[in-house]
Amino acid sequence: MISRRISAALLVLAIVVAAANGRAFGNCEDYCLPGARCWPTHEDIVQFNESTKGRANKRVRVVVGGSSHTVTIGGYTQGGGHSPIGRKFGLGVDNLLDVELVSANGSLAHADKDGTTVTDTVTGLQSHSSNPDIFWAVRGGGGSTFGIITSLTFKLHFDSKMVMILCSTPIFDEQGRNIGQNFMDSFNQLLTTSLAPEWGGYELIRVNQGETQGNVILFLNHYGEWGSPSFNTISPVLPTFSQHCLFYNVSNFLEYAVNANDSLYYRTYIFNRLLQRDSFTPRFYNYLFNMVTDPNRKSFLLCTGVLVGGNINHVSSDETPMNPSFRTAFVSMTCALSWHDPSRDEEMISHAENVTKGFLQFGKGIFFNEPSVYQPDWKTAYWGVHYGRLLAIKREWDPDNILTCHHCVGSDLVKGANFYDNPLSSNGLPIVG
Ligand SMILES: Cc1cc2nc3c(=O)[nH]c(=O)nc-3n(C[C@H](O)[C@H](O)[C@H](O)COP(=O)(O)OP(=O)(O)OC[C@H]3O[C@@H](n4cnc5c(N)ncnc54)[C@H](O)[C@@H]3O)c2cc1C
């Protein structure tokens, strides 16, 4: 398939896992989700599987998780995982405590930052090493590559009251001035300097097919109550924003997450860029707003900037295989061009590729979870300097390159005796699997 489907809103938020209000984790029935396994001794941990997603009781803690009800934990986590509460708690992978996976040779591995235990599923023999490579690799090295993950354990966080702000302004005012750009720029200046990590959410720019007038939208969430010191870091923009904004309180993150909507568009081409502080130049805004308001653009267009930075940027760039540019980024912007008619695929993809090329002049690095499928320099774009180590781990854990997918570690290499030394020359799709 030449395109990916993406939600219009991209606003559905984190996976919420129910847990105890109190401290003891003894009786799972009382406070965990069906299917969850609990440890009596770990007050901040609950292990969950796919069946727990989205189901919660009223006493909640949260785990950093993916946007949209269609996103599941397997791909989300192995791609890194951003979230509306990521600025506060880090990426999905920053919250991963351990992983269990079936490796390409059928053995079962359990890994965390202190090492790896491998069980031969035929003989039952176990071996342990203090090598944490596989745990490192799955925290951003991509799905379908290092093993089939059967279990992930995440850190839980206490849930909190939240304040939501929804702001929307037309791009152009009645005199034809681009007020949307000023609106976005003033918010980004705050975001890249002094906005507290308790603030997360999205900045969006959208325009319908056949139109040049669109909207700039801010959908912000503050993890904590109105008037707290972290809340007040939004103050510099409030006087300007208040005429365009609605404010409301939610009693916890679960309420926020379950009320988010998904909607699927038709045929969609997406592309992503990680934007750092120095990306937000007048040239960048000119490009973005010209792209959006271009009268020749024959598609719906939505760019969703997920707010990153905050505590995500306090994690060392070598801690996970994510592109180090993620740790200096403030926005992960994913744009989607959508159209209805399949006969327009070729025209639209060619148009989208041109737009993407221009867009990639700004920022550094690409988020593995939301790229263009045609990204030419994908190894560097997704992982930067970490690609070499990822490939070495892939070689060790899957020497026959059995596990693969499009633009994944080792996917450009030919299967066979020396497959790791022989890049494919034609369309880049791996001859494996
Ligand atoms: C509407 C929408 C909203 C999104 N919002 C966000 C967001 O807020 N934050 C974010 O970070 N990303 C977001 N994404 C991107 C999303 O994280 C990726 O599309 C991700 O690949 C989805 O994972 P999946 O498991 O649902 O998909 P799948 O297509 O099922 O899996 C993706 C890849 O991972 C592999 N995989 C899945 N499970 C396992 C497993 N258990 N073991 C080994 N390999 C596995 C699959 O084989 C496949 O190669 C969004 C995507 C969409 C379409």
Let me check the size of the stretch 117-243 from its C-alpha atoms; what are the radius of gyration and Dmax in Å? 23.1, 76
Contour minus end-to-end for LEU190 and SER251, with contour as 0.36 nm per residue of separation and end-to-end as the Cα-Cα distance? 19.3 nm
Residue-by-residue Karplus 3J(HN,Hα) for the stretch 299-307, coefficients 6.51, -1.76, 1.60, Hz, glycine and proline x: 8, 5, 9, 9, 10, 10, x, 7, 6
What order, most packed first, do the peptides 386-392, 127-133, 154-160, 233-239 have when packing is the mean number of other Cβ atoms within 10 Å of each residue? 154-160, 386-392, 233-239, 127-133
For a quick check: with amide H placed at 1.01 Å from N, whose amide H comes under 5 Å from GLY140's, ignoring anything fewer than 5 positions away on the same chain? GLY80
The stretch 162-379 - Kirkwood radius from inverse mean 1/r over Cα pairs (Å): 18.3 Å
Formal net charge of residues neighbouring HIS110 (Cβ-Cβ distance under 10 Å; K, R +1; D, E -1): -3
What ³J(HN,Hα) values, in whole Hz, does the Karplus curve 6.51 cos²θ - 1.76 cosθ + 1.60 give for the stretch 235-243 when θ = phi - 60°, with x put for Gly and Pro? 3, x, 9, 4, x, 6, 7, 4, 5
Hey, can you grab everything whose amide H is under 5 Å from the amide H of GLY363? Only 5+ residues off in sequence or another chain; H modelled, so Pro and N-termini drop out. GLN276
Going by average Cβ neighbours within 10 Å, how do the peptides 115-125, 222-232 rank, with the highest at the top? 222-232, 115-125
If R₀ is 25 angstrom, what is the calculated FRET efficiency for the pair GLN243 and ASP294, using the beta carbon separation as r and rounding to 0.05? 0.35
Read phi for every residue in the stretch 134-147 and hand back ³J(HN,Hα) as whole Hz from Karplus 6.51 cos²θ - 1.76 cosθ + 1.60, θ = phi - 60°, with x for Gly and Pro. 5, 5, 4, 5, 6, 8, x, x, x, x, 6, 10, 9, x
Return the equivalent ellipsoid semi-axes of the stretch 262-398 as a descending list in whole Å, where each equals the square root of 5 times an eigenvalue of the C-alpha gyration tensor. 28, 19, 13
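When a/c is below 1.5 the answer is rounded, else prolate if a/b is larger than b/c, else oblate, so apply that to the stretch 263-343 with a ≥ b ≥ c taken from the square roots of the Cα gyration tensor eigenvalues.
Here the stretch 263-343 falls in the oblate category.
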Net charge over other residues, Cβ less than 10 angstrom from the Cβ of VAL99 (K, R count +1; D, E count -1): -2
Under the rule of at least 5 residues apart or a separate chain, name every residue whose amide H is placed under 5 Å from the amide H of PHE300. GLN209, SER338
Please work out the FRET efficiency for the pair SER151 and ARG177, using the Cβ-Cβ distance as r and a Förster radius of 56 Å; give the result to the nearest 0.05. 0.55
Can you spot the aspartates and glutamates whose alpha carbon is less than 13 Å from LYS379's alpha carbon? Ignore those fewer than 8 places along the same chain. ASP412
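Using heavy-atom solvent-accessible surface (probe 1.4 Å) with all chains present, what is the largest-first order of GLU255, GLU198? Walk me through the intermediate numbers first.
Working: GLU255 65, GLU198 35 Å².
From most exposed to least exposed: GLU255, GLU198.
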Using alpha carbon centers only, the stretch 138-155 is separated from the stretch 183-249 by a whole-angstrom value of 33 Å
Cross-link table LYS88/LYS161; LYS364/LYS394; LYS113/LYS155, entries beyond 19 Å C-alpha to C-alpha: LYS364/LYS394
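The values are calculated or read from the model by the stated rules, or taken from the named source; none is laboratory data. Model, not experiment: these values are computed from the prediction. With ideal geometry, Cβ positions are generated from the backbone for all residues, glycine too; neighbour counts draw on all protein chains shown. Each accessible area value is taken on the protein alone, full model and side chains, heavy atoms only, with ligands, DNA and RNA left out. Shrake-Rupley method; radii C 1.70, N 1.55, O 1.52, S 1.80 Å.
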